[in-house]
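Colleague: Quick one: the structure is below, questions incoming.
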Ligand SMILES: Cc1cc2nc3c(=O)[nH]c(=O)nc-3n(C[C@H](O)[C@H](O)[C@H](O)COP(=O)(O)OP(=O)(O)OC[C@H]3O[C@@H](n4cnc5c(N)ncnc54)[C@H](O)[C@@H]3O)c2cc1C
């Protein structure tokens, strides 16, 4: 249609995580100018970074599965496919004071934490789970109930219950079967020859990809502002008209809001009815606390260690430098310890030094040789809205992309479903919201835009 209108439209994007950046890039491809407003000093959101040994490292551990096609498509579009690093990784489990290797189907057969018939049950459970095509049949079931049915009591107590508790704590019993079904389906799809898991990373870390995206947005005529919190929105005749930001008032024709729903609710509160605000507030989130240790030596050969020991407070010990080489970080060995928890949990509120002491005390039980002088530095990162609680009937809780405010669309982590949140889906959601908005603004479809359109 009216090319003038299409090329002069200006969209404000709240949030410079992967969803916001992907949305801005997609708008640019369609001839629409986008301005990204990120409150932090760095781009990347939950996949944001800090510097270790001269290289950027994610504050919270990050990798992709080889079947994360939306992010891989975006990387292709940016001409950066040669920057994707694919590597086999070693997975394990710590249970009853023992380490178990769990990378391949053969490891599963040797998994001595379970009697042999239960190892077979566990293997069959994964196969049966992956055969479920219609996730809606699982919408009203809890993960606990479904996993007990598929694998039996012992498999549940040893493998699944600790995993669900580690990830969702006190609300573990409420988690939907759809959540675990999706995890089982995805992990099975990210394997190389011999059944070993392969994972992907970006040269220079996720920060390097965020920078490539920001550069592409600028080349399209868009803008990316950091340290630019959005403090309010202006609405006239039911339509969004401007954003009040830390870098000034910005007139817009439309907005895509990507922060967690409680943050969006605060921004929208003066302009929408209470029942809509209540809907945004209905989805609950867990916070995450991640301790990152820089060690002078390796802890083990495992990249991803699930901790299925109820006495250990972290759900996983992730030795990042068993994935990305230690030379990338000036010879420092990087270990993450992650815990999902409610924001009022005492651990979340402890000061950083106390968190590190607490962590090292527990880690030394698992690795008795560990000495405090191995630790060259320790960092504590917190994210208030890190994981929506995917409860039964979650599909019905998700607010639609369109809001009561004309021109303002939601594209947030809580809307990713039936998949669990992740940068791959943040990219899908951002591009899909941008494609839908562009159509409303009357933009021409982008050349080769079949992908986002099919995602919408
Ligand atoms: C511990 C942990 C491990 C993870 N591991 C992986 C992994 O291995 N692989 C993977 O793909 N994904 C992983 N994820 C998930 C992934 O990080 C997220 O799904 C993804 O980054 C979400 O992107 P987003 O843009 O939707 O949201 P966010 O990253 O939350 O971005 C929203 C942005 O909005 C900004 N913002 C908020 N309020 C305002 C405001 N008022 N004004 C301006 N800006 C504002 C925030 O600062 C933030 O940058 C992990 C997450 C966690 C917590």
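Every number here is computed from the coordinates shown, using simple stated rules; none is lab data. Predicted model only: the values in this text are computed from it and were never measured. Cβ coordinates were reconstructed from backbone atoms using ideal geometry, including for glycine residues, and neighbour counts include every protein chain displayed.
Colleague: Take the Cα gyration tensor of segment 138-247, multiply each eigenvalue by 5, square-root it, and list the three semi-axes largest first, rounded to whole angstrom.
Modeller: They are 42, 24, 13 Å, listed from largest to smallest.
Colleague: A further question follows. Compute the angle between helix 352-366 and the longest alpha-carbon principal axis of the chain, please, reported from 0 to 90 degrees and rounded to the nearest 10.
Modeller: The angle comes out near 40 degrees.
Colleague: From the square roots a ≥ b ≥ c of the eigenvalues of the alpha-carbon gyration tensor of segment 302-456, which class results: rounded (a/c under 1.5), prolate (a/b over b/c), or oblate?
Modeller: Prolate.
Colleague: For the pair residue 76/residue 234, report the inter-label distance in nm, with labels modelled 7 Å from Cα in the Cβ direction.
Modeller: 4.3
Colleague: Let me see the pair-distance distribution of segment 352-409: every alpha carbon pair, 10 Å bin width, integer percents in order.
Modeller: Per 10 Å bin, starting at zero, the Cα-Cα P(r) for segment 352-409 comes out as 16, 26, 20, 15, 17, 6, 0 percent.
Colleague: Using only Cα atoms, find the angle between the long axis of helix 177-188 and the longest principal axis of the chain, and express it within 0 to 90 degrees, rounded to the nearest 10.
Modeller: Result, in degrees: 80.
Colleague: Determine the equivalent ellipsoid of segment 1-160 by diagonalising the alpha-carbon gyration tensor, then write out the semi-axes as square roots of 5 times the eigenvalues, largest first, rounded to whole Å.
Modeller: Working: eigenvalues 363, 97, 47 Å².
Square roots of five times the eigenvalues give 43, 22, 15 Å.
Colleague: Can you list the residues of segment 301-322 with backbone N under 18 Å from a point 7 Å past the Cα of residue 367, pointing along Cα to Cβ?
Modeller: Backbone N within reach: 301-309, 312-322.
Colleague: Considering segment 105-192, what Rg and Dmax in Å follow from its alpha-carbon atoms?
Modeller: Calculated on Cα positions, Rg and Dmax stand at 12.7, 36 Å.
Colleague: Provide, for q = 0.11, 0.16, 0.19, 0.24 Å⁻¹, the log10 of I(q)/I(0) from a solvent-free Debye sum over equal Cα point scatterers in segment 1-75.
Modeller: Here log10 of I(q) over I(0) equals -0.39, -0.72, -0.90, -1.11.
Colleague: Report D for segment 284-388 in µm² per second (integer): Stokes-Einstein, Kirkwood Rh on Cα pairs, 4 °C, 1.567 mPa s.
Modeller: Numbers: Rh = 14.2 Å.
Roughly 91 µm²/s, to the nearest whole number.
Colleague: Taking 2.2 N^0.38 Å as the expected size of a compact globular protein, what ratio does the Cα radius of gyration of the chain give against it, to two decimals?
Modeller: 0.99
Colleague: Still on this model: Using alpha carbons only, how many degrees (0 to 90, rounded to 10) separate the axis of helix 116-131 from the longest principal axis of the chain?
Modeller: The answer is roughly 10 degrees.
Colleague: Sort segment 223-275 into rounded, prolate or oblate with this rule: let a ≥ b ≥ c be the square roots of the eigenvalues of the Cα gyration tensor; rounded if a/c is under 1.5, and if a/c is not under 1.5, prolate when a/b is larger than b/c, oblate otherwise.
Modeller: oblate
Colleague: Using only the alpha-carbon atoms of segment 37-95 as identical scatterers, what base-10 log of I(q)/I(0) does the Debye formula give at q = 0.20 Å⁻¹?
Modeller: -1.06
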